[in-house]
Amino acid sequence: GPVPFFIADAAAKRTGKGKLIDLGGLIAHGQEPDSGGYHADNEEEVEKVITTKLSSGRPIVHFDNVDKPFGNSHLERLATSRVFAWRVLGTNREGSARNLTVWCASGNNFTVCGDMGPRALFFRLVSPLVDPSARTNFTIPNLRQWVLDHRVTLIRAALTILRYGYQNPPSTGRALGSF
């Protein structure tokens, strides 16, 4: 079914938002997600990016460095639609694709507009450093390679967490919005 947008936010640049999304892609698919810009001031361009990515079958797409309010009718529809339909440019034909893609976005002091808020899961990274890019004391020096080397174990752990959630639903028993 539909999957909410995953939005990584931080107060400062170089906190690790993109790296976290990349690592999620490595765990899930063995490759980093496709990364690209977000043209907030041009809905047509946003629709073109969406239809191109859906048509190419990308498993994960990441709108990186979003610096304007995030959201429009295409993104809202995308977050809650099993099939995304559009008018093929220059024709009266309709194109469509099953929405099997996980959509992510990241930015500093991220804001959403329209009805994107309930269609997204936010996580905020907080660095104890004034300048996160100055950090040098990493526990795992080559995290990307470590994730690839331990991918099976990480997938097993993720599935264990999902299984626990499925076997122990929240006491309210309600779904989260449209999901």
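The values are calculated or read from the model by the stated rules, or taken from the named source; none is laboratory data. These figures come from a predicted structure and were not determined experimentally. Virtual Cβ from ideal backbone geometry, glycine too; neighbours counted across all protein chains shown. Heavy atoms of the whole protein, side chains included, go into the accessibility calculation; ligands, DNA and RNA do not. Shrake-Rupley method; radii C 1.70, N 1.55, O 1.52, S 1.80 Å.
State which residue is nearest to Ala11 (Cα to Cα) when the search covers only the stretch 133-152 and only residues that are without any contact (Cβ under 8 Å) to a residue 12 or more places away in the chain and part of a helix (DSSP H, G or I).
Ala134
Among the candidates Phe138, Phe84, Phe122, which residue alone is within 15 Å of the chain's Cα centre (by Cα) and not polar (S, T, N, Q)?
Answer to the check: Phe122.
Spot the failing condition for Ile60; the list is (1) open to solvent by 60 Å² or more (accessible area, probe 1.4 Å); (2) closer than 30 Å to Asp131 by Cβ; (3) at pLDDT 90 or above; (4) not acidic (Asp, Glu), and only one is missed.
Only one criterion is unmet by Ile60, namely (1).
If you check Leu159, Leu129, which single one turns out to be in contact with a Lys or Arg (Cβ under 9 Å, 6 or more places away or on another chain) and open to solvent by 60 Å² or more (accessible area, probe 1.4 Å)?
Leu129
Please pick out the residue among Thr91, Thr52, Thr80 that is out of contact with any strand residue (DSSP E or B) (no Cβ under 7 Å at 6 or more places or on another chain) and in contact (Cβ under 8 Å) with a residue 60 or more places away in the chain.
It is Thr80.
Of the residues that sit in the stretch 30-53 and are under 14 Å from the mean Cα position of the chain (by Cα) and in a helix (DSSP H, G or I), which one is surrounded by the fewest Cβ atoms within 10 Å (Cβ to Cβ)?
Checking each candidate, the answer is Lys53.
List pairs: first in the stretch 109-130 and farther than 15 Å from Asp67 by Cβ, second modelled with pLDDT under 90 and open to solvent by 60 Å² or more (accessible area, probe 1.4 Å), Cβ under 6 Å, 6+ apart or cross-chain?
Close Cβ pairs satisfying both conditions: Pro118/Gly177; Leu129/Arg135.
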